[in-house]
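No value in this document is a laboratory result; all are computed from the given coordinates. Here the structure is a predicted model, which is why all the values come from computation and not from measurement. Glycine gets a Cβ as well: all are built from the backbone with ideal geometry, and neighbour counts include every protein chain shown.
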Amino acid sequence: MRKSPAVPAWAVLAASPVLLLSLLVQRPPAPPVAPPHVFQGTVQAVQPNTATFDIITGVGFALRLIHIRTAPETQITSNQVTVAFSDIKVGDIVRAECRMVDTVLVADRVEKLSAAGTAPETRP
Amino acid sequence: MSRAAWWTTVAALIVAVAACQRPLKPGDPVRGLTRDQRALFDRGRVVFDSVFTPETGLGPLFNSIACGECHEDPVAGGVGDEVEVHASAFRPPVCDPLVQEGGIVIQQRVTPALKAALGIDSEPFPPSATGRALRTSPVVFGRGLLDLVPDSLILSYVDSADRNGDSISGRPNRFFDGRLGRFGRKALVPTLAEFNAGAFPIEMSVTNPAVPTEETIGGNPIPAGVDPVPEPEINQEATDLTDAFVRFLAAPTPLKATSAARRGRELFASVGCTGCHIPTLRTGDSPIAALRHKDVAAYTDLLLHDMGPDLADICLTEATPSEFRTEPLIGLRVAQQFLHDGRAKTLEQAIALHGGEGSRARDGFLGLSETERAALIAFLKTL
């Protein structure tokens, strides 16, 4: 039996990125990350005792009341500054990124966009 | 032929061709649609006129069985004689649309299955409401053009502090998420697409991909078994076709004005009606060439104005009970009842009922001679 020729070291080095890439490509895809539930609406009620608040949003006249819970790790910001849950007031317009925990929407981030009576967003 | 004469001839020909364009009738599509867009318009009209039943998604609460039931006269997209009920609670400065009690729109009809289950004939009126409003069905002609009026143009008419001293202020309303509103009697809804998609569940309880959950019954979930059709009850294509039909409906060309109507148009401006009913708005950019950069005889500023305590009914986001969006006068000639709730049976009555910021124009109208008032009305009937 003829001995197979040795593979030169330079060839291994040259091929390794390709091998690595192919391994990555063949790796089973990561489980999809559930997109956060994003709601933007007017705060209708705040319940400090349960650290929850309700916002109204909807499509046209089809309005929906969304009940959102905050957690100690929820980031609440206004003008890019961290604020407290108590700074969320009825009439504020907020954008909340939430995830569903059991049957409850828990906010990862709440951004206070404007207080009641401030200028509306516009489209061109 | 000299160069000047040649250009004069070309200009005259262009004017002649423009003048010979067939007037757009109520129900016509806008000019310049592509063949595909025209096909969408025609197919959309079929969906618009489709009658829903409980087996195809209607109810269990509803106001109408088809878009075309309320927007039907003289053609699809026109007016209807239906009057619906709205409610909200005004606790200054907060306006509560009473979503938890089934507001804003209180459906007036129920399916047999819901009647059997709950024994009700309509959605219960919200117990916390402080206001009750009646709303007629307006024409939806030209709404695709109004959708494309840039926010910046609308906001340029804002004069909240009445700096020009004309007794007319005008301020914008906004949707719950902060965007500028323009559709609806209180300028609540920012876009036509949302207005249309929201109308299916609100008026017919027909869910769609944009609104995949049923309306509540006074804030309570619907009883099991009364709405067997799985959500969404219509697909995106049906929603898109309906939107295309409404979007492409033209603003009818005003009728040829008589000399009296021409005089009436001048009076309409001179007594101050154009302070709010701005005659022409221009659309902005759009991928749809037929809607892009077009002038529309809208006769509105799409802003809220205080119309006085006699017309006041409900609040809606930032609109107080007495504030209403200036009603577009597109297709006014087909209307048979006037003002937001249809209380005026003639145009004269409608003008006479203007209060608040409309008082000066109203008084101007009432101060005209009988002939002049008739001329102004003749002008309005050309729209």
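A few remarks follow.
- Shielding value for B:92-98 is 4, the average number of Cβ atoms from other chains within 10 Å of each residue's Cβ.
- Subtracting the Cα-Cα distance of B:LYS381 and B:ASP42 from 0.36 nm times their residue separation leaves 119.2 nm of extension gain.
- For segment B:17-88, the Kirkwood hydrodynamic radius from C-alpha pairs, put into Stokes-Einstein at 4 °C and a viscosity of 1.567 mPa s, yields a diffusion coefficient of 89 µm² per second.
- Calculated [θ] (222 nm, deg cm²/dmol) that DSSP helices of n ≥ 4 give over chain B, each run adding -39,500 (n - 2.57): -8500 deg cm²/dmol
- Per residue of peptide B:227-237, the mean number of Cβ atoms on other chains within 10 Å of the residue Cβ is 0.
- Ranked by the mean number of other Cβ atoms within 10 Å of their residues, highest first, the peptides B:111-119, A:99-107, A:63-71 fall in the order A:63-71, B:111-119, A:99-107.
- Take the Cβ atoms of A:THR50 and A:ASN79, set R0 to 30 Å, and the FRET efficiency comes out at 0.70.
- Neighbour-limited loop hits for trypsin sites (Lys or Arg not before Pro), segment B:19-73 (at most 15 other Cβ within 10 Å; DSSP other than H, G, I, E, B): B:ARG31
- Over the protein assembly as shown, equivalent-ellipsoid semi-axes from the Cα gyration tensor in Å: 46, 33, 25
- Inter-chain shielding of B:168-178 (mean C-beta neighbours from other protein chains, 10 Å cut-off): 6
- Using alpha-carbon coordinates, inclination of helix B:370-380 to the longest axis of chain B, degrees: 70 degrees
- Measuring between their Cα centroids, segment A:52-93 and segment B:262-324 lie 33 Å from each other.
- The listed peptides B:50-56, B:288-294, ordered by packing as a protection proxy, come out as B:288-294, B:50-56 (highest mean of other Cβ atoms within 10 Å first).
- Shape class for chain B: oblate, because the ratio a/c of the largest to smallest gyration tensor axis (alpha-carbon atoms, square roots of eigenvalues) is 1.5 or more and b/c is at least a/b.
- The Stokes-Einstein estimate for segment A:37-114, based on a Kirkwood radius over Cα pairs and taken at 4 °C with 1.567 mPa s viscosity, is a diffusion coefficient of 105 µm²/s.
- Segment B:162-262: trypsin sites (Lys or Arg not before Pro) in DSSP loop, at most 15 other beta carbons within 10 Å: B:ARG163, B:LYS256
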